[in-house]
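Structure first, then comments.
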Amino acid sequence: MDAKTYQLENSPVVVACSRTAIGRAHAERGVFRKVRGDELLASVIKAVVQKSNVDSNSIEDVIIGATQQHGEQGGNIARCVSLMVGLPFGAAAASVNRLCGSSLQALSQAAHAIAAGAENVQIVGGVDHMHHLPMDSAVSIHPQVFTRSSKGMVSMGMTAEYLANVHGISREKQELFAIESHRKAAQATSEGRFSDEIIPVLGHEPSGGICWVDTDQSIRSDSSLEAMADLKPAFLPRVGTITAATSAPLSDGAAAMLVMSKAEADRQQLKPMGRVLGTAVVGVSPALMGTGPVHAVEKVLKRTGLRIDEIDYFEINEAFAAQAIYCLEKLGINPEKVNVHGGSLSIGHPLGASGARIATTLLHVMREHGGKYGIATMCIGLGQGIAIVFERLE
């Protein structure tokens with residue numbers, strides 16, 4: 001076996017991936033308001049195991065990202081859910097936290113282990129139930145953290161305001177970007193583009209009735225500049241440019257992926273969707289939180305030897321319209337390649353689950369539309385970025 005073949009056979013591949021629909025984190029109208037976060041995660045892990053037809057006895061580790069690791073997401077949620085879904089006791093489990101990048105971090109760690117010849121067959125994913133466990137619940141940041149920046153850096157909305165102000169990203173430009181996100185997501189939903197990645201989960205209608213949830217709840221097909229113009233700034237009263245419409249909604253959801261070496265996939269006669277070609281993480285000033293994807297993408301391209309014009313599709317997490325616009329413009333990416341089925345402004349952003357969600361969507365986009373390479377990337381609170389390059393193998 002030559003070196004190139006060896007590298008391919010021992011590279012990490014994604015065999016299957018699924019996600020829940022993303023619900024609104026709302027006490028009265030959220031579709032998952034009566035469903036626990038660990039139950040959402042259990043549903044997608046079951047789906048990935050069944051969809052892939054993997055030999056469950058071959059699963060060696062489960063790595064789950066979650067930003068809130070207490071309450072129903074505490075006690076090492078990765079291990080708890082592994083036991084809930086009936087995975088073999090021999091499958092180990094760990095929970096990780098890189099804030100918004102948590103489930104992309106889970107995928108990165110799994111990919112590194114596989115490439116190093118350590119744990120092979122792994123389930124990765126993420127979850128956050130932002131209604132039951134708000135993003136600031138049980139968080140107490142030491143005042144000394146703020147000595148190198150400001151207390152405002154803890155508010156990702158304020159860092160987005162800073163980015164918009166410094167780089168002249170107007171409110172109207174942000175709102176047009178958000179409308180396009182909703183348009184693409186609504187079109188993808190009506191055309192059934194998400195049907196293969198979303199697994200139905202029982203939830204509740206606003207009236208209280210039990211229903212199957214298979215559609216992202218926050219997508220608005222009727223978004224308009226007129227409606228957005230009536231919204232007040234969300235973080236900076238009177239003078240701010242960022243509103244609820246140009247910020248990703250608080251959300252509930254989960255996503256999971258099955259990862260293993262190409263050689264193991266061949267041995268089990270499983271067909272991979274794509275392989276992980278490279279990963280990168282970076283740190284940036286907390287006040288420049290939204291710039292993380294720029295530096296992470298530049299770093300991972302250098303590692304893989306690819307040029308940005310060789311990447312066919314991008315999933316850039318839309319934490320804020322201003323942040324996403326900055327990243328597109330700074331990297332010089334053709335907007336037609338980015339978030340082709342909409343982004344988190346419309347679909348939703350359940351923090352710890354979003355990395356696995358955008359990676360799942362990206363792999364399905366690549367399978368549907370073709371193309372060889374794709375990148376999933378995210379900004380991360382307190383100043384970080386993460387990016388992963390996928391190569392389509394189908």
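The values are calculated or read from the model by the stated rules, or taken from the named source; none is laboratory data. As the structure is a computational prediction, the values presented were derived from the model and not from experiment. Here Cβ is always computed from backbone atoms with ideal geometry, including for glycine, and neighbour counts include all displayed protein chains. Note: accessible area is taken over every heavy atom of the protein model, side chains too, but ligands, DNA and RNA are not part of it. Shrake-Rupley method; radii C 1.70, N 1.55, O 1.52, S 1.80 Å.
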Are any of the residues in the range 14-32 charged (D, E, K, R) and open to solvent by less than 10 Å² (accessible area, probe 1.4 Å)?
yes
For the range 31-47, pairs from a residue that is under 13 Å from Gly65 (Cβ atoms) to a residue that is surrounded by fewer than 24 Cβ atoms within 10 Å (Cβ to Cβ) and of a type in the set (Asp, Glu), with Cβ under 6 Å and 6 or more apart or across chains, are Gly37/Glu72
By residue number, the members of the range 263-288 that are in a strand (DSSP E or B) and open to solvent by less than 30 Å² (accessible area, probe 1.4 Å) are Gly274, Val276, Gly278, Thr279, Ala280, Val282
Number of positions in the range 53-103 that are among the charged types (D, E, K, R), over 24 Å from Gln268 (Cβ atoms) and outside any helix (DSSP H, G or I):
1
With the requirement that a residue be open to solvent by 60 Å² or more (accessible area, probe 1.4 Å) and within 29 Å of Tyr162 (Cα to Cα), what does the range 202-221 give you?
Arg220
Test: Asp38 is assigned to a strand (DSSP E or B), touching a helix residue (DSSP H, G or I) at 6+ places or on another chain (Cβ under 9 Å) and not aliphatic (A, V, I, L, M):
no
Quick check on the range 145-179: of everything there that is among the acidic types (Asp, Glu) and open to solvent by less than 70 Å² (accessible area, probe 1.4 Å), which residue is farthest from Ile358 (Cα to Cα)?
Glu161
Against the conditions (1) under 12 Å from the mean Cα position of the chain (by Cα); (2) free of Cβ contacts under 8 Å to residues at least 40 places away in the same chain, where does Gly343 fall short? Just the number, please.
(2)
Answer from Leu133, Leu87 - the residue that is farther than 20 Å from Val282 by Cα, open to solvent by 10 Å² or more (accessible area, probe 1.4 Å) and touching a Gly at 6+ places or on another chain (Cβ under 7 Å):
Leu133
Take Val62 and tell me if it is open to solvent by less than 70 Å² (accessible area, probe 1.4 Å) and modelled with pLDDT under 95.
no
For the condition more than 23 Å from the chain's Cα centre (by Cα), at pLDDT 95 or above, hydroxyl-bearing (Ser, Thr, Tyr) and surrounded by 21 or more Cβ atoms within 10 Å (Cβ to Cβ), what is the one hit in Thr291, Thr241, Thr246?
Thr241
Of the residues in the range 295-340, those that are touching a residue at least 40 places away in the same chain (Cβ under 8 Å) and at positive phi come to Asn339
